[in-house]
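Peer 1: Before I ask anything, let me first share the structure, which is written out below as structure tokens.
The values are calculated or read from the model by the stated rules, or taken from the named source; none is laboratory data. Everything numeric in this text was worked out from a predicted model, so none of it was measured. When we count neighbours, we look across all protein chains shown, and the Cβ atoms used for this are built from the backbone with ideal geometry, even at glycine. To get the accessible areas, we keep the full protein, side chains included, count just its heavy atoms, and leave off ligands, DNA and RNA. Shrake-Rupley method; radii C 1.70, N 1.55, O 1.52, S 1.80 Å.
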Amino acid sequence: LLTGYSRERRLPSGLGFLSAMLKQRGHSVELADRLVDADAWPRDIHAFDFVGVHTTTPCYRDGLNVLERLKAEGYRGRIAFGGPHTALYPDTVPPQVDYLVQGEAEYLICDLVEGAYPANSLIVTPRIRDLDALPQVDYSLFMDRPRSYELVVPFFEGRRVFNMTTSRSCPWQCTFCSTKAIWGRLWTRHGPERIIDDIRYLQNSYQIDGIYFREDLFTADKKRVHEFCE
């Protein structure tokens, strides 16, 4: 479940990585993206034995709404909270939540869903240094039904522009930015070859018109940018 009440309605690529990891292990995954459709909810919440809620501070009120609805519907499965708000303010999460996850969850998510961790756990994951080792984002998670995603960008006529996140965090320490508090200063990235492979996949599978690189600092490594452009 992706919590709502924000203006940016782009593809949540981070959840696409988690879905890809889960599907590799044979799990079924459904996305309720309340950021783009405020009333989104799984077709049958009781068909799922695990609910993960992605939280940001601007959308946290809706995360609490999700918990209230799960309680009202008598949901008895396990619940996890992750995302930036959980990383920064874990003490605000109600005890109804079984797991708090701080950090990147790709190499944790399958074990978490399969019950490898005791309830009432706060789990802090190490940073993933080799992003190229991760599977491709599961774009079918977003495109399996009509959703109100923004697929346009300013100053470009294309009507089918997918966002990609090819790096994580930022090596700098600007005082106005919360990135270092969430990620730390370790900047990691996909290599140019991986980026090109992903773009070709999107061209072939979804006939995209362009790519919007939406990340903290695409240009942190100038050599990577030059190699990608070549």
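Peer 1: How far apart, in nm, are two points set 7 Å out from the Cα along the Cα-to-Cβ line at THR175 and at SER121?
Peer 2: 4.1 nm
Peer 1: In nanometres, what is the gap between the two model label sites at ASP209 and ASP197, each 7 Å from Cα along Cα-to-Cβ?
Peer 2: 2.9 nm
Peer 1: Using only the Cα atoms, what convex hull volume per residue in Å³ does the chain have?
Peer 2: Hull volume over Cα atoms, normalised by residue count, gives 137 Å³.
Peer 1: How much of the accessible area of segment 18-102, in percent, comes from carbon and sulfur atoms when a 1.4 Å probe is used?
Peer 2: Answer for segment 18-102 is 50 percent, counting heavy atoms of protein chains only.
Peer 1: Using all Cα-Cα distances in segment 121-230, what percent lands in each 10 angstrom bin from 0 up to the longest?
Peer 2: Histogram of Cα-Cα distances, whole percents per bin: 12, 37, 35, 14, 1.
Peer 1: Hey, could you pull the Cα Rg and Dmax for segment 27-129, both in Å?
Peer 2: 13.1, 41
Peer 1: Okay, moving on. Within segment 5-39, report the trypsin sites (Lys or Arg not before Pro) that DSSP leaves as loop and that have at most 12 other Cβ atoms within 10 Å.
Peer 2: The qualifying sites are ARG7, ARG25.
Peer 1: Then there is this: Report the convex hull volume per residue for segment 76-146, counting only C-alpha atoms, in Å³.
Peer 2: 139 Å³
Peer 1: What accessible area per residue comes out for the chain, rounded to a whole number of Å², with a 1.4 Å probe?
Peer 2: In whole numbers, the chain has 54 Å² accessible per residue.
Peer 1: Order the peptides 37-48, 129-140 from the highest to the lowest mean number of other Cβ atoms within 10 Å of their residues.
Peer 2: Averaged packing, sorted descending, gives the order 129-140, 37-48.
Peer 1: Taking 8 Å as the Cα distance limit and 6 or more residues as the minimum spacing, I'd like the relative contact order of the chain as a percentage.
Peer 2: RCO, the chain: 20 percent.
Peer 1: So, one more: Report, for the chain, the % of DSSP beta bridges that are antiparallel, rounded to 5.
Peer 2: If I count the DSSP bridges inside the chain, around 10 percent turn out antiparallel.
Peer 1: Quote the accessible area belonging to GLU8 in square angstrom, nearest 10, computed with a 1.4 Å probe and with ligands, DNA and RNA left uncounted.
Peer 2: Near enough 60 Å² of accessible area.
Peer 1: Which value results for Rg/Rh of segment 1-71 when Rg is the Cα radius of gyration and Rh the Kirkwood radius based on the inverse mean 1/r?
Peer 2: With Rg and the Kirkwood Rh in hand, the quotient comes to 0.95.
Peer 1: Lone cysteines in the chain, going by a 4.7 Å Cβ-Cβ cut-off?
Peer 2: CYS59, CYS110, CYS170, CYS229
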